[in-house]
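S.K.: Input: one structure, supplied below.
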Amino acid sequence: MAVHLHILGICGTFMGGIAAIAKAAGYRITGCDANVYPPMSEQLEGLGIELVKGFGEEQLALRPDLWVIGNVVTRGNPLMEAILDRGERYVSGPQWLAEHVLAGRHVLAVAGTHGKTTVAAMLAWLLERATRNPGFLIGGVPLDFRVSARYTESKYFVIEADEYDTAFFDKRSKFVHYSSRTAVLNNLEFDHADIFDDLAAIERQFHHFVRTVPMAGLLVVNGADQAVERVLTQGCWTPVERFGVAQGWAASEPDAEGGFEVAWQGRALGRVRWQQFGAHNQLNALAAIAAARHIGVEPAQAIEALGTFSGVRRRMQVRGLARGVTVYDDFAHHPTAIRVTLEGLRQRIGGARILAVLEPRSNTMKRGVMKEALPASLAQADRVFVYTAGLGWDAGRVLAARGTRALYRRARLARCGGCRRGPRGRPGARDVQRRLRWHP
């Protein structure tokens, strides 16, 4: 009989990915979460995974072999308290993944404040095109795979390695569990104000991550990022390749279509011709090429494969067209990510108007920790609409007081049944999407 895992917090991207991987590996999977809703609920139920809404202690009757705990679970959670009282066996999601899936594999981990999902998706695609058939667990859905997690028998596994804490009983960052052999450090800024006091605290966690990479491995790091360099000065025992600098992996200025030349230590290796745009995606591509080369994928092959890379859902994803207006959906929630995304779009479309609709939904943004950086990050937009519900700060005042080239307007969206409507009953985002011509 298959080993039975019951996963607490199963509808999160990471834990849902673990559930899909464990199911494919032959485990019996059930799980629960506070809110069980599409699309994750549909994906999991489509895999034959039974879901329970809520964290009621009656779930003890399921009698799993092991409880797998997501970091959404805290002390005081009724089911967790019952597990502790009964002395049941439990483990965190990252630890279970490390011990039962990643052990014995060559793990390629992508870490950093920005670009983790995109670089991990690129890297998985480069390995796929090179017939390495990698397993992966990514914090978004690569359009080339249509799933965020996959289990294979390949020796290679690509993982988005984030610095968020592991569980209520293990406050280390998730990425220290993964025993990575190829590690990308894409960039580093202050974020996650709910668990980190300052940038130095985050840098310390990245130092712990660097300590886990063996001498036979490789660190692929952003050579232009001072915070990443500070991490390395705390101790580094692994060969390092830098990207974004002339003496390492470098990209030329992009052409009108976003194409660019790739060079390694000054030697031209080929030209990327692709659908993506923005300087940040050039850096993402360099990181993926370097990481893929570490396991034997030739740069020329990787460069060619990037030409077929379709991107990631909710990373400047074209959702449709309405009356000549192109609607993009992007996950950017940090001022730096917002800035580089809009700069890339401006580079692509020239002088056309950009209307930016922003929902500050991360814990850091809701607290207003980075509110003063928002106006400059939105400078490429001609008009900005901000969804202000739940904010601990006055978005209208901050944006208006810091006047830039853009015209700022404050829009408070109110929920109306199953949709959102904007000011004075105008259609909100979901209403607009219903009227779009959808791309296949």
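The values are calculated or read from the model by the stated rules, or taken from the named source; none is laboratory data. Since this is a predicted model, take the numbers as computed values, not measurements. Note: ideal-geometry Cβ built from the backbone for every residue, glycine included; neighbour counts use all protein chains shown.
S.K.: All but one of (1) part of a loop (DSSP other than H, G, I, E, B); (2) small (Gly, Ala, Ser); (3) modelled with pLDDT under 95 hold for Gly320, so report the exception by its number.
M.R.: (1)
S.K.: Could you grab me the full set of residues in the range 344-373 that are out of contact with any Gly (no Cβ under 8 Å at 6 or more places or on another chain) and either of a type in the set (Val, Ile, Thr) or surrounded by 19 or more Cβ atoms within 10 Å (Cβ to Cβ) (or both)?
M.R.: Scanning the range 344-373 gives Ile349, Ile354, Ala356, Val357, Leu358, Pro360, Thr364, Met365, Val369, Met370, Lys371.
S.K.: Report the residue count in the range 115-133 for those that are assigned to a loop (DSSP other than H, G, I, E, B) and in contact (Cβ under 8 Å) with a residue 60 or more places away in the chain.
M.R.: Pass one, the range 115-133, residues assigned to a loop (DSSP other than H, G, I, E, B): 115, 130-133.
The next check asks that each one be in contact (Cβ under 8 Å) with a residue 60 or more places away in the chain; those that pass are 115, 130, 132.
Adding up the residues that qualify gives 3.
S.K.: Can I ask one more? Counting only residues that are farther than 21 Å from Gly16 by Cα and of a type in the set (Val, Ile, Thr), how many does the range 104-154 have?
M.R.: Adding up the residues that qualify gives 2.
S.K.: Condition check: more than 21 Å from Gly93 (Cα to Cα) and among the aromatic types (Phe, Trp, Tyr). Does Phe190 satisfy that?
M.R.: When the stated conditions are applied, Phe190 passes them.
S.K.: Considering only the range 148-172, state which residues are in a loop (DSSP other than H, G, I, E, B) and under 15 Å from the mean Cα position of the chain (by Cα).
M.R.: Answer for the range 148-172, where residues must be in a loop (DSSP other than H, G, I, E, B) and under 15 Å from the mean Cα position of the chain (by Cα): Ser148, Ala161, Asp162, Glu163, Tyr164.
S.K.: On to the next question. Among the residues of the range 242-293, what is the count of those that are crowded, with 20+ Cβ neighbours inside 10 Å, touching a Gly at 6+ places or on another chain (Cβ under 8 Å) and in a strand (DSSP E or B)?
M.R.: Total meeting the criteria: 5.
S.K.: Could you please tell me which pairs satisfy a Cβ distance under 9 Å, a separation of 6+ or placement on different chains, a first residue in the range 343-357 that is among the β-branched types (Val, Ile, Thr), and a second residue that is surrounded by fewer than 17 Cβ atoms within 10 Å (Cβ to Cβ)?
M.R.: Partner pairs satisfying both residue conditions: Ile349/Thr326; Ile354/Asp382; Ile354/Arg383.
S.K.: Among the residues of the range 140-153, is there at least one that is buried (at least 24 other Cβ atoms within 10 Å of the Cβ), at pLDDT below 95 and over 19 Å from Ala25 (Cβ atoms)?
M.R.: Within the range 140-153, one or more residues are buried (at least 24 other Cβ atoms within 10 Å of the Cβ), at pLDDT below 95 and over 19 Å from Ala25 (Cβ atoms).
S.K.: Scan the range 1-26 residue by residue and report those that are free of Cβ contacts under 8 Å to residues at least 60 places away in the same chain and surrounded by fewer than 18 Cβ atoms within 10 Å (Cβ to Cβ).
M.R.: Met1, Ala2, Gly26
S.K.: So which of Phe145, Phe136, Phe175, Phe190 is assigned to a strand (DSSP E or B), assigned by TED's automatic domain parsing to the domain that holds Thr238 and of a type in the set (Phe, Trp, Tyr)?
M.R.: Numbers: Phe145 fails: assigned to a strand (DSSP E or B); Phe175 fails: assigned to a strand (DSSP E or B); Phe190 fails: assigned to a strand (DSSP E or B).
When all the criteria are applied, what remains is Phe136.
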